[in-house]
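Structure, as structure tokens:
The values are calculated or read from the model by the stated rules, or taken from the named source; none is laboratory data. Model, not experiment: these values are computed from the prediction. Every residue, glycine among them, receives a Cβ derived from its backbone with ideal geometry; neighbour counts consider all protein chains shown. These accessible areas exclude ligands, DNA and RNA; they are computed on the full protein's heavy atoms, side chains included. Shrake-Rupley method; radii C 1.70, N 1.55, O 1.52, S 1.80 Å.
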Amino acid sequence: MKWIEFSRLMQAVEYKTPTKTVSLLAKEFKEIENKTIFIDILSLDLGPNNLASKKALKWITKSLEVFEEEVEVSIYNHGDIGEGIYHFDTINESSDFSLGGMYSILQMDCSKSDGEAFRRFNMIFNQMSSLERKWFLRYWLRTPRNGINEGLVRKMVAKVYDKKEAEVRKHMQLNSLSDIVVYYSTNQTPPNDLVIGRFIKPMLAKEVPKEKWPKESIIEYKYDGARYQIHKGDTVAIFNRKGKVVTSKFPDIVLMINAWEMKESFIIDTEIYPVESDGRPAPFKKMGTRIHSK
């Protein structure tokens with residue numbers, strides 16, 4: 001699939017109802033070769049690119065060689081950065097970029113200061129049509145604004161492979177949607193058992209109505225940290241909440257866990273937060289150096 005084909009499909013479903021969107025996506029999905037990449041992009045199962053909207057605007061204006069104020073007016077008039085750029089500079093000639101190539105660009109680390117990330121962005125941005133730019137920018141900033149989310153993609157997968165949505169939801173507890181598609185495509189059932197080293201989708205909190213609150217409760221302090229999943233088998237693996245392995249960013253925690261007097265393998269769902277030299281919790285912003293450093 002080419003990026004222009006993906007962009008046209010997104011344009012076609014932008015204002016459709018969820019039911020019609022699922023039907024159209026399911027129809028097109030059967031003809032797509034790179035199905036797992038398509039699923040990852042649609043469900044925003046993408047690695048962090050460390051990009052903020054302010055930096056994105058600077059890169060766009062620098063690439064187009066215009067003033068920020070000019071682009072800001074277009075964004076204001078059309079509601080978001082993707083639509084604003086779509087109407088700002090009309091280009092009909094499409095690029096030849098593949099979906100796989102754009103998948104890589106969408107996850108490119110934009111925090112680098114050596115200029116290489118901008119050079120790559122500038123090269124591909126100036127070869128895109130206006131429609132391609134619109135959908136690139138929306139997915140680049142993780143704001144597709146087309147009504148497509150993980151739940152809708154789950155419904156599409158259920159429809160394509162003639163499964164009940166509850167069955168797909170169950171398989172998603174221990175498998176990504178793209179992995180599930182690989183299993184379904186070969187008529188296999190995704191594994192649904194705990195395995196050390198295989199990421200488990202984290203459980204999320206749900207609001208409980210006040211009338212169902214217990215009369216007695218235990219309250220614990222919640223420190224301002226980031227959620228991680230730690231697997232201990234023969235080695236230690238640390239996953240962030242998206243399932244990306246980030247073990248190398250926390251060598252001190254690996255040493256700490258290896259020092260525990262526990263011979264059994266285990267998986268813990270936990271928070272990592274910064275501390276001062278005396279052990280007191282430190283401001284969460286100090287986590288930034290760890291998370292984004294190379």
With θ taken as phi - 60° and the coefficients 6.51, -1.76 and 1.60, list the Karplus ³J(HN,Hα) couplings across region 267-278 in order, rounded to whole Hz; mark glycine and proline as x.
10, 10, 9, 8, 10, 10, 9, x, 10, 7, 4, 8
Using the 2.2 N^0.38 Å rule of thumb for compact globular proteins, work out how region 107-238 stacks up: its C-alpha Rg over that value, please.
1.48
Cut-off 10 angstrom, C-alpha nodes, Gaussian network model of the chain. Which of GLU33, GLU132, GLU72 fluctuates the most?
GLU33
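Please identify the helices of the chain, taking whole runs of DSSP H, that span at least 24 Å along their own axis as judged from the Cα atoms and have a mean Kyte-Doolittle score of 0.5 or higher.
none
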Distance in nm between label sites at ALA226 and MET256, each 7 Å beyond Cα in the beta-carbon direction?
1.5
The Cα radius of gyration of region 144-217, divided by 2.2 N^0.38 Å with N its residue count, comes to 1.42
Return the distance in nm (one decimal) between the two label points of a simple spin-label model at VAL182 and SER248, each offset 7 Å from Cα along Cα→Cβ.
2.1
List the GluC sites (Glu not before Pro) within region 241-294 that DSSP assigns to loop and that have no more than 12 neighbouring Cβ atoms inside 10 Å.
GLU261, GLU264, GLU276
With contacts defined as alpha carbon pairs under 8 Å and 6 or more residues apart, what's the relative contact order of the chain in percent?
18
Mind jotting down the three principal axis lengths of region 93-171 based on Cα atoms? Whole angstrom, largest first.
47, 31, 21
Over all alpha-carbon pairs in region 3-158, figure out the percentage whose distance exceeds 18 Å.
58
What shape does region 163-294 have by the C-alpha gyration tensor, where a ≥ b ≥ c are the square roots of the eigenvalues, rounded means a/c under 1.5, and otherwise prolate means a/b greater than b/c and oblate the rest?
oblate
Neighbour cut-off at most 13 other Cβ (10 Å), DSSP loop, trypsin sites (Lys or Arg not before Pro), region 164-195
LYS164
Once you order the gyration tensor axes a ≥ b ≥ c over the Cα atoms, which shape class does region 219-294 get: rounded for a/c under 1.5, otherwise prolate or oblate by comparing a/b with b/c?
prolate
Calculate what fraction, in whole %, of the accessible area of the chain sits on carbon and sulfur atoms when a 1.4 Å probe is rolled over the protein chains.
52
Take the alpha carbon atoms of region 5-79, find their center, do the same for region 195-232, and report the distance between the two centers in whole angstrom.
32
Accessible area in square angstrom per residue, the chain, 1.4 angstrom probe:
61
Gain in length, ASP193 to THR17, computed as 0.36 nm per residue apart minus the alpha-carbon separation, to one decimal in nm?
59.8 nm
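Which of the chymotrypsin sites (Phe, Trp or Tyr not before Pro) found in region 182-289 are in a DSSP loop and have at most 12 neighbouring Cβ atoms, other than their own, within 10 Å?
TYR221, TRP260
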Which parts of region 196-232 would a label at ALA282 reach, counting a residue when its backbone N lies under 15 Å from a point 7 Å out along Cα-to-Cβ?
224-226
Please work out, to two decimal places, the log10 of the ratio I(q)/I(0) at q = 0.09 Å⁻¹ from a Debye calculation in which every Cα of the chain carries one identical scatterer.
-0.58
Contour excess over end-to-end distance, with Cα ends at THR289 and GLU216 and 0.36 nm allotted per residue:
22.2 nm
